[in-house]
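K.L.:
Can you keep this structure in mind? I'll have questions shortly.
The values are calculated or read from the model by the stated rules, or taken from the named source; none is laboratory data. All values derive from a computational prediction rather than experimental measurement. The area values use the complete protein model at the heavy-atom level, side chains included, leaving out ligands, DNA and RNA. Shrake-Rupley method; radii C 1.70, N 1.55, O 1.52, S 1.80 Å.
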Amino acid sequence: MKLASVKHGRDGALVVVNRDLTRCVAVPHIAHTLQHVMDHWAEAAPRLMRVYDLLNEGEVAGQKSFGSRDCAAPLPRAYQWADGSAYVTHVELVRKARGAEMPPSFWTDPLMYQGGSDSFLGPCDPIPAADEAWGIDFEGEVAVITDDVPMGIDAADAEKHIKLLMLVNDVSLRNLIPAELAKGFGFFQSKPASAFSPVAVTPDELGEAWSGGKAHLPLHVWLNGERFGEPNAGEDMTFSFPQLIAHAGRTRALCAGSIIGSGTVSNKDGARGSACIAERRSLETIAHGAPKTPFLKFGDRVKIEMLDLEGRSIFGAIDQQVARYGG
């Protein structure tokens, strides 16, 4: 099943989208917003699935053409956005480039920060930034949306709480990060609004590629129309999504509609390219002593997409351009 929120007010208007991402239909008789669906998943999901099946057969009245540019993020705002760093080889590489050793605990205890969830960007919204000197970067990720997760959940029981998957562009302002981390109190200004894919999908839409709480498919990333990387999201993922959920829920319950991110998708051999500029710059520093690839400039365009085993877009594409923010 594929769901989206077309732009309408603060929380969007829920639509069911067909498998080919060409048609959609509003379902106000079931739910007006995706958050309502998450709050009432057991009741709403089967009804939405029936609409989805009929839509794929072309038998739904009121259907319209579907366009990504009409979309807000599937959850335009959420109660929780917690982003992990499940690809530990990525962390190791970035630290190696700046001459920093990595604590052994990073391999056994996930890194995670709590991001701003009050206002997400739509998949085709501009990336606003006031200054190129901030070091504007994209981060291609996968994320899950959960239903209510009890405190103290075990990883073995966490996968059943994963209801939907999305793609993420977790925008980072790299040149603001060092000063913030030096304070010992985590990210804030260096992590502006993230963007999400046009649609959120149930895990079964990935078929056999969804296994072990991981999406075993390449994440395709383009910068200004040129291939930047296509690392496989299922490889080298040290911590699965169930493990990340268990980590987030160790000391608190997670409410329905909580979003858990994977962190930048990364493969340790580097042969498939990268899903963020910082990683490429780290590879350049290790190989040549200095980075060559600049961070994003105003007007640069980033595209992030994942295809199924038949080559069809699963989530639609995040397709954004960096824009100067004038206040």
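K.L.:
Under the 0.36 nm per residue contour assumption, what length would be gained going from the current alpha-carbon distance of residue 47 and residue 105 to full extension?
P.N.:
16.4 nm
K.L.:
Using Cα pairs closer than 8 Å and at least 6 residues apart in sequence, work out the relative contact order for the chain, in percent.
P.N.:
23 percent
K.L.:
Using a Gaussian network model of the chain with C-alpha springs under 10 Å, which one of 279, 310, 226 is most mobile by mean-square fluctuation?
P.N.:
310
K.L.:
Using the Karplus curve 6.51 cos²θ - 1.76 cosθ + 1.60 with θ = phi - 60°, what ³J(HN,Hα) values do you get for each residue of region 291-306, in whole Hz, with x for Gly and Pro?
P.N.:
x, 10, 6, x, 6, 5, 10, 4, x, 5, 10, 10, 10, 10, 7, 10
K.L.:
Would you mind getting the Kirkwood hydrodynamic radius of region 88-137 from its Cα pairs, rounded to one decimal in Å?
P.N.:
One decimal place: 14.3 Å for the Kirkwood radius.
K.L.:
For the chain, report the accessible area per residue in Å² (1.4 Å probe, heavy atoms, rounded to an integer).
P.N.:
44 Å²
K.L.:
Once you have a ≥ b ≥ c as the square roots of the Cα gyration tensor eigenvalues for region 58-212, tell me rounded if a/c is under 1.5, and otherwise prolate or oblate according to whether a/b is larger than b/c.
P.N.:
Judged from the Cα gyration tensor, region 58-212 comes out oblate (a/c at least 1.5, b/c at or above a/b).
K.L.:
Separate question: Determine ³J(HN,Hα), in whole Hz, for all residues of region 19-26 in sequence, where each value follows from phi through the Karplus function 6.51 cos²θ - 1.76 cosθ + 1.60 and θ = phi - 60°; x replaces Gly and Pro.
P.N.:
4, 7, 6, 10, 9, 8, 8, 6
K.L.:
Work the Kirkwood hydrodynamic radius out for region 1-80: mean of 1/r over every pair of different alpha-carbon atoms, inverted, in Å.
P.N.:
Hydrodynamic radius (Kirkwood, Cα pairs) of region 1-80 is 12.5 Å.
K.L.:
I need the P(r) histogram for region 100-178: all alpha carbon pairs, bin width 10 Å from 0 out to the longest distance, whole percents.
P.N.:
So the P(r) values, bin by bin, are 12, 35, 33, 19, 2.
K.L.:
Tell me the Rg and the Dmax, in Å, that the Cα atoms of region 172-327 produce.
P.N.:
17.0, 47
K.L.:
Computing the accessible area with a 1.4 Å probe over protein heavy atoms, can you report the carbon and sulfur percentage for the chain?
P.N.:
50 percent
K.L.:
How much length would be gained if the chain were fully extended between residue 180 and residue 226, taking 0.36 nm per residue of separation minus their Cα-Cα distance, in nm to one decimal?
P.N.:
Gain on extension, residue 180 to residue 226, equals 13.3 nm.
K.L.:
Then there's this: Per residue of region 94-102, in order, report the coupling 6.51 cos²θ - 1.76 cosθ + 1.60 (Karplus, θ = phi - 60°) as ³J(HN,Hα) in whole Hz, putting x for Gly and Pro.
P.N.:
Karplus values, whole Hz, x for Gly and Pro: 5, 5, 4, 5, 9, x, 10, 6, 9.
K.L.:
Here's a follow-up. Sequence-distant or interchain residues sharing an amide H contact under 5 Å with residue 216, placed H: which?
P.N.:
So residue 216 has HN proximity to 210, 211.
K.L.:
Treating only the Cα positions of the chain as identical point scatterers, give the base-10 log of I(q)/I(0) from the Debye formula at each q in 0.08, 0.09, 0.12 Å⁻¹.
P.N.:
-0.34, -0.43, -0.79
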